[in-house]
1. List the number of the failed condition for K226; all other conditions in (1) outside any strand (DSSP E or B); (2) in contact with a Phe, Trp or Tyr (Cβ under 8 Å, 6 or more places away or on another chain); (3) under 24 Å from F132 (Cβ atoms) hold.
2. Mind listing whichever residues of region 138-168 are of a type in the set (K, R) and surrounded by 17 or more Cβ atoms within 10 Å (Cβ to Cβ)?
3. Please find, within region 169-189, the residue that is surrounded by the fewest Cβ atoms within 10 Å (Cβ to Cβ) out of those that are more than 15 Å from F132 (Cα to Cα) and either in contact (Cβ under 8 Å) with a residue 40 or more places away in the chain or acidic (D, E) (or both).
4. Which condition does Y236 not pass, out of (1) crowded, with 17+ Cβ neighbours inside 10 Å; (2) more than 18 Å from S160 (Cα to Cα); (3) hydroxyl-bearing (S, T, Y); (4) at pLDDT 95 or above, if it passes all the others?
5. Suppose we filter region 221-232 for residues that are over 20 Å from the mean Cα position of the chain (by Cα) and surrounded by 13 or more Cβ atoms within 10 Å (Cβ to Cβ); how many remain?
6. Specify the residue that is surrounded by the fewest Cβ atoms within 10 Å (Cβ to Cβ); the eligible residues are those in region 239-269 that are charged (D, E, K, R) and in contact (Cβ under 8 Å) with a residue 40 or more places away in the chain.
7. Only residues that are in contact with a helix residue (DSSP H, G or I) (Cβ under 9 Å, 6 or more places away or on another chain) and crowded, with 17+ Cβ neighbours inside 10 Å: list them for region 110-137, please.
Amino acid sequence: MFLVLKPLHYLKVSFFGHIDSDINGFRLRHAMIKFDWTNTSLSIGQYWHPMFVPEVSPGVVSYNTGVPFQPFSRNPQIRLVQSFDKLKLIFVAASQRDFSSPGPSGFSSMYLREAIIPNLHFQIQYAGSSFFAGAGVDYKKLVPRIVTANNYKTDAAINSISFIGYAKLIVNALTFKVEGVYGSNLADQLMLGGYAVKSTINAVTDEVEYTPLKTFSVWGEFSTGKDVEFGVFGGYAMNLGADDNVAGQSYNRGGNIESVSQGITQITT
């Protein structure tokens, strides 16, 4: 007896480019296959990082989609979803591609690849008729160098954990969304933060140890209307720095920014 699966295929591309010098260049957004069972689904390919939740994401007109208050990244991944009526458990093991972490060689996926362990994420979601909510925890390990400047082998790593919580409430024609993120080393999510050298372990070999740079962000959105939609979006992000003293190079995004705030009122048709 054989079980025959017919996977769902999903492909989405654009000609928006990756960076300023690549405007109008070809870009792969999503490319995945998905296997569905009664209460279980398995997706393999590139899709939104689990810290970007499409059901609770800013509906702003601007293409930045709420960055830097909202995590934003697309990653090659394996995603397992287990459903229990209105509850879902989501397990993800992800790598990096277009959205990568900073390090001694600039932004690159090599630091996550050298760590061997993928970016791991667990999330729980509740989906009701008018209320949607969830929370998740994210673990990431990077190895910034495998050879020091003095040509010694090194496997010094930076470990980071991040948390996310979100909710959406629909009351008649009104929609409310809110999300909060607290974590470290989230530069690959287009957020503030990263990591830095905490101390030099051995001056002869140039071995160092690292400390994560933490960040906190929160955003909320209110919208109403169908043919003509009125919305208000507000966000706040703070660079919390490191728990340890920084004694060397820092690899981050927005390291000289203390906080960012934004408020938008918009009408769309």
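The values are calculated or read from the model by the stated rules, or taken from the named source; none is laboratory data. Since the model is a prediction, treat every value here as computed from it, not as a measurement. FYI the Cβ positions are ideal-geometry reconstructions off the backbone, even for glycines, and counts take in every protein chain you see.
1. Checking K226 against (1) outside any strand (DSSP E or B); (2) in contact with a Phe, Trp or Tyr (Cβ under 8 Å, 6 or more places away or on another chain); (3) under 24 Å from F132 (Cβ atoms), the one that fails is (2).
2. Listed by number, the residues that qualify are K140, K141, R145, K168.
3. Checked region 169-189; the qualifying residue surrounded by the fewest Cβ atoms within 10 Å (Cβ to Cβ) is A173.
4. (1)
5. Start the filter on region 221-232 by keeping residues that are over 20 Å from the mean Cα position of the chain (by Cα), which leaves 222-232.
Of the ones still in play, those that are also surrounded by 13 or more Cβ atoms within 10 Å (Cβ to Cβ) are 222-225, 229, 231-232.
The total comes to 7.
6. Kept after step one, since they are charged (D, E, K, R), are these residues of region 239-269: 243-244, 253, 258.
From what's left, in contact (Cβ under 8 Å) with a residue 40 or more places away in the chain: 244, 253.
On the way: D244: 13, R253: 21.
Looking at the filtered set, the residue picked out is D244.
7. So the first thing to find is which residues in region 110-137 are in contact with a helix residue (DSSP H, G or I) (Cβ under 9 Å, 6 or more places away or on another chain), and the list is 112, 118-119, 125, 127, 132-134.
Passing the criteria: L112, P118, N119, Q125, F132, A133, G134.
Let's see how each residue does on (1) in contact (Cβ under 8 Å) with a residue 40 or more places away in the chain; (2) in contact with a strand residue (DSSP E or B) (Cβ under 8 Å, 6 or more places away or on another chain); (3) assigned to a loop (DSSP other than H, G, I, E, B); (4) surrounded by fewer than 20 Cβ atoms within 10 Å (Cβ to Cβ):
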| position | (1), (2), (3), (4) |
| --- | --- |
| M51 | yes, yes, yes, no |
| V61 | yes, yes, yes, yes |
| P68 | yes, yes, yes, no |
| F72 | yes, no, yes, no |
| R79 | no, yes, no, no |
| Q82 | yes, yes, no, yes |
| G103 | yes, yes, yes, no |
